[in-house]
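Worksheet: the structure to be examined is printed underneath.
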Amino acid sequence: MRTPLKLLGLAFAFAPTAQAASYTFTKIADSSGEISGFSVPSINTDGVVAFGAFLGNGGQAIYTGIGDGVLTTIADTSPGIYFELFAATINDAGRVAFGATTSEPDLFHPIADAGIYTSADGVTTTIADNAPGSPYYDFGFIPQSINASGVVAFYGKLRTNDGFPSLSNGIFTGNGGAQTTIANPSAGFGQISEGTSINASGTVAFAATRSPSGKRGVFTGMSAASTTVADVDGEFSNFGNVPSINDAGTVAFRADLDAGGSAIYTGGISAVLPIVATADGAFTALEDPAINADAGIAFAGTLPGSIRGIFVGADSATDKVIAVGDSLFDSSLTNFSFQRGLNANGEIAFRYNTSDGVAGIAVASPTTLTRPIAGGSGFAGVRLRIGEGAANVARLRGGVAGGDRSLDLSYEAGGSFAINGARPVGNALNLSGTESDVFVLELTYDDADLVAAGVASGAGLILYWRDPVSGNFKNSVLGNQPPGGRPFFGTSYSQYLADQGGTFTLGDYGDDPTTNTVWAVLNHNSLFAVAPVPEPTALSLGLAAFAALALQHRRRAGFRRTI
C-alpha cells in the first residue's frame, strides 16, 4: 500500500468565478531578425534562458538571454567546429549543456562525429563523444540535463565489443572525466527513453523497460543500482518519456492508466500521488511535467476543443499560464513547446508561434511568489520579476534563514505612490516572511524607469522602505534593528562583496549605475522601492533623524563605548 507524500493543491475546474493565475511575459528572442527557428528552452533560477536557434543563413547556434535584447553565443556552426547543434539546458551557475555533431555523415562514415558538451565562461568541456575507442557510437539529443555541479545526464547508443554499432543504449552521467552508468542492458534494462533529469545529489530520473520482464516503469538512480518509483504492476499501463526530479528527490511523471486516460503524478520511492487526470474532465490529454525545488509543477495539457496550454495545477482556469488563442506580444498564441522549462521561482520558459507569423522564446513570470525556505538554507536565488520586461527584477542575494520561513513576494506599480514628492524609479517590491533574519535585497531598473521618474542618471539612488507606522518612505536601512549603515555608492553588490572579503554587514547599502542595480543589507520587511537620495536640505534632516534613531537604540540597548 502506498502512503501519499504531498498533495499539490488539487482544485476543481467548475468554479464559475475562477480567475487565471497572473503572469507577465518577457520576450527572450524572436524570428524578426537573423533567427528563423528555435529549440525548446531551459531556464535557471536567475531567469537566464538557454536555447538552440536555426539561423537565416543556414547555420545554427546555442544562445543564452534574459530578455534585454542581448543574446550571448554559447556555440555556433560558423567557425566550423560544429556541424549541427541540439537543444540546450542550463544550470544555476550558468553552465550550458548541449549536444552537437562535429562532422557531416557520408557514404564511408554514415554516423557523424558527435558528442555531449558543456560551456561556461567561454570554455567548452567534452562530457562524452563517439571518437574511436569510445563506448558510444551516437547520442540521443532530446535535451540532456545538468545539475548545479555541472554533472550531465545523457542518453548514449553503445558500440559492440569490436567497435560496431549495437542495438543497446543507456543513461550515463559525467562532468568531463569518467562516465557513470545509470541504466543499460547490463543493469537490467531494455527499452530506455532518451529523456533524463538529474538533481543536485546526482540522482537521475528516467523511464525504461525492465528486462527480461518487459515491465515499463519510472526509475531513479545514482549508479546502475536503480530504484523503482512506479511501474505497470499497479494502476499504470505506460509512462511518459521524460520524468523530472527535484533536489528533494521528488519525481513528477505522466502515466497512462489501466482504467483509461492519463494522469500526472508526483512522489518518491514509497508513494506517488495524482495531481491531475484526464478523467476529471478538465483535460483531454497531458504531457510530461516539470517539477521545481518547491515541488511546484508545470505541464502542457489539452483542453476540450483541442486547445493546448501550459498549466501549473489541476484547475484549467486558475492554474492556466497561457493557452492557444491567448494574447501574446500584441498577437495571439497559435502553438508552443514546453519541456522542463521551469525554475525554482515559478518562471516558465517556452517556445512559441503567434498569429502574425513570428516564432520565439518567451518567459512567463508569476506576479506573486511564495517560497518556503528551510531553516539553515540560504535566501540567495529567491527572485521575482516586478514588472514587464527584463529589467524590473527583485532578488535576494544573500542571507540564511534562522528557521523555517515562508517568503511572500509581490509588486506594486511605481506610479501608484510617491517618494520625496516624485515617482520612484521602477516598481516596488512587497516582501514578507524573513522575520528578523539578515538578508541582501537588490532591485533593478532600466533607463525608461529613470525617464519616467524624472531622474537624470542612476547615480545616487538608494533603496527606500515604507515605514508601516508613519506610512512615509525612508532609507531602508533605517528600518533595521539596529538602524544605521554605510553607503557604497557606485558599487555593485558583487563588487562590494568582493571588496569585503566575501562577507556583508547589516546596514550597508549601495547602487551601481552601470548594472542599474540598487541594494541594501536588511533585517526587516515592508514595501521597498528605488529613488534618489534626497536633496541637501531634506538629506540633512534625514541624517539628523538617522542619528537620533541610532542614539535611541544604543541607549535602550545599554550601549557603552570604550576608548
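Evaluate the range 476-496: report whether one residue or more is under 21 Å from Phe379 (Cβ atoms), part of a strand (DSSP E or B) and small (Gly, Ala, Ser). No, the range 476-496 contains no residue that is under 21 Å from Phe379 (Cβ atoms), part of a strand (DSSP E or B) and small (Gly, Ala, Ser). Checked against the criterion of being assigned to a strand (DSSP E or B) and more than 27 Å from Thr203 (Cα to Cα), the candidates Thr118, Thr124, Thr73 yield just one match: Thr73. I'd like to verify a number: residues in the range 380-413 that are acidic (Asp, Glu), assigned to a strand (DSSP E or B) and modelled with pLDDT of 95 or more, how many? Within the range 380-413, residues that are acidic (Asp, Glu), assigned to a strand (DSSP E or B) and modelled with pLDDT of 95 or more number 1.
Condition check: in a strand (DSSP E or B) and farther than 15 Å from Ser149 by Cα. Does Thr173 satisfy that? Against the criterion (in a strand (DSSP E or B) and farther than 15 Å from Ser149 by Cα), Thr173 does not qualify.
Scanning the range 484-521 for residues that are more than 13 Å from Leu463 (Cβ to Cβ) and aliphatic (A, V, I, L, M) gives Leu497, Ala498, Leu506.
In the set Leu107, Leu85, only one residue is more than 23 Å from Thr45 (Cβ to Cβ) and either without any contact (Cβ under 8 Å) to a residue 12 or more places away in the chain or more than 29 Å from the chain's Cα centre (by Cα) (or both); that residue is Leu107. Just one of (1) out of contact with any Asp or Glu (no Cβ under 8 Å at 6 or more places or on another chain); (2) over 22 Å from Ser197 (Cβ atoms); (3) not polar (S, T, N, Q) fails for Ile348. It is (2). All of (1) touching a residue at least 40 places away in the same chain (Cβ under 8 Å); (2) in a strand (DSSP E or B); (3) surrounded by fewer than 23 Cβ atoms within 10 Å (Cβ to Cβ) hold for Thr209 with one exception: (1). Could you list, in sequence order, the residues of the range 88-104 that are within 20 Å of Tyr136 (Cβ to Cβ) and either surrounded by 15 or more Cβ atoms within 10 Å (Cβ to Cβ) or touching a residue at least 40 places away in the same chain (Cβ under 8 Å) (or both)? Listed by number, the residues that qualify are Ala88, Thr89, Ala97, Phe98, Gly99, Ala100, Thr101, Thr102. The selection criterion, being surrounded by 14 or more Cβ atoms within 10 Å (Cβ to Cβ), modelled with pLDDT under 50 and of a type outside the set (Phe, Trp, Tyr), holds for Ala18. Is it the case that the range 466-479 has a residue that's in contact with a strand residue (DSSP E or B) (Cβ under 6 Å, 6 or more places away or on another chain), surrounded by 21 or more Cβ atoms within 10 Å (Cβ to Cβ) and farther than 18 Å from Asn525 by Cβ? Looking through the range 466-479, none of the residues is in contact with a strand residue (DSSP E or B) (Cβ under 6 Å, 6 or more places away or on another chain), surrounded by 21 or more Cβ atoms within 10 Å (Cβ to Cβ) and farther than 18 Å from Asn525 by Cβ.
Among the listed residues Ala323, Ala362, identify the single one that is more than 20 Å from the chain's Cα centre (by Cα), among the hydrophobic types (A, V, I, L, M, F, W, C), crowded, with 18+ Cβ neighbours inside 10 Å and at pLDDT 95 or above. Every option except Ala323 fails the conditions.
Yes/no matrix, rows are residues, columns are (1) free of Cβ contacts under 8 Å to residues at least 24 places away in the same chain; (2) surrounded by 23 or more Cβ atoms within 10 Å (Cβ to Cβ); (3) not hydroxyl-bearing (Ser, Thr, Tyr):
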| residue | (1), (2), (3) |
| --- | --- |
| Thr125 | no, no, no |
| Phe154 | no, yes, yes |
| Lys157 | yes, no, yes |
| Ile171 | no, yes, yes |
| Ala178 | yes, no, yes |
| Asn199 | no, yes, yes |
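Of the residues making up the range 53-74, those that are over 17 Å from the mean Cα position of the chain (by Cα) and either within 19 Å of Thr124 (Cα to Cα) or surrounded by 20 or more Cβ atoms within 10 Å (Cβ to Cβ) (or both) are Ala53, Gln60, Ala61, Ile62, Leu71, Thr72, Thr73, Ile74. Taken as a whole, the structure places Ser166 among residues that are in contact with a Lys or Arg (Cβ under 9 Å, 6 or more places away or on another chain), part of a strand (DSSP E or B), surrounded by fewer than 20 Cβ atoms within 10 Å (Cβ to Cβ) and among the hydroxyl-bearing types (Ser, Thr, Tyr). Does Gly217 meet the test of being closer than 24 Å to Asp92 by Cβ, buried (at least 20 other Cβ atoms within 10 Å of the Cβ) and of a type in the set (Gly, Ala, Ser)? The answer is no for Gly217.
Mind checking whether some residue in the range 235-242 is crowded, with 24+ Cβ neighbours inside 10 Å and part of a loop (DSSP other than H, G, I, E, B)? Looking through the range 235-242, at least one residue is crowded, with 24+ Cβ neighbours inside 10 Å and part of a loop (DSSP other than H, G, I, E, B). Here is the figure for the range 370-406: residues that are under 24 Å from Ser492 (Cβ atoms), hydrophobic (A, V, I, L, M, F, W, C) and over 17 Å from the mean Cα position of the chain (by Cα) total 1.
With the requirement that a residue be part of a strand (DSSP E or B) and either surrounded by fewer than 23 Cβ atoms within 10 Å (Cβ to Cβ) or β-branched (Val, Ile, Thr) (or both), what does the range 443-462 give you? Thr444, Ile462 - these are the residues of the range 443-462 that are part of a strand (DSSP E or B) and either surrounded by fewer than 23 Cβ atoms within 10 Å (Cβ to Cβ) or β-branched (Val, Ile, Thr) (or both). Within the range 77-105, being modelled with pLDDT under 95, within 12 Å of Thr124 (Cβ to Cβ) and not hydrophobic (A, V, I, L, M, F, W, C) holds for Pro79, Tyr82, Thr102. So, in the range 309-329, how many residues would count as being out of contact with any Asp or Glu (no Cβ under 6 Å at 6 or more places or on another chain) and either under 16 Å from Phe51 (Cβ atoms) or touching a residue at least 24 places away in the same chain (Cβ under 8 Å) (or both)? Count: 12.
Does Arg351 count as of a type in the set (Lys, Arg), part of a strand (DSSP E or B) and farther than 19 Å from Ala394 by Cα? Considered against the rule, which asks whether it is of a type in the set (Lys, Arg), part of a strand (DSSP E or B) and farther than 19 Å from Ala394 by Cα, Arg351 comes out as yes. Just one of the listed residues (Ser316, Ser331, Ser355) is surrounded by fewer than 19 Cβ atoms within 10 Å (Cβ to Cβ) and under 18 Å from Tyr23 (Cβ atoms), namely Ser331.
The values are calculated or read from the model by the stated rules, or taken from the named source; none is laboratory data. Treat the numbers as computed from the prediction; the structure is a model and nothing was measured. Please note: Cβ atoms are built from the backbone with ideal geometry, for glycine as well, and neighbour counts cover all protein chains shown.
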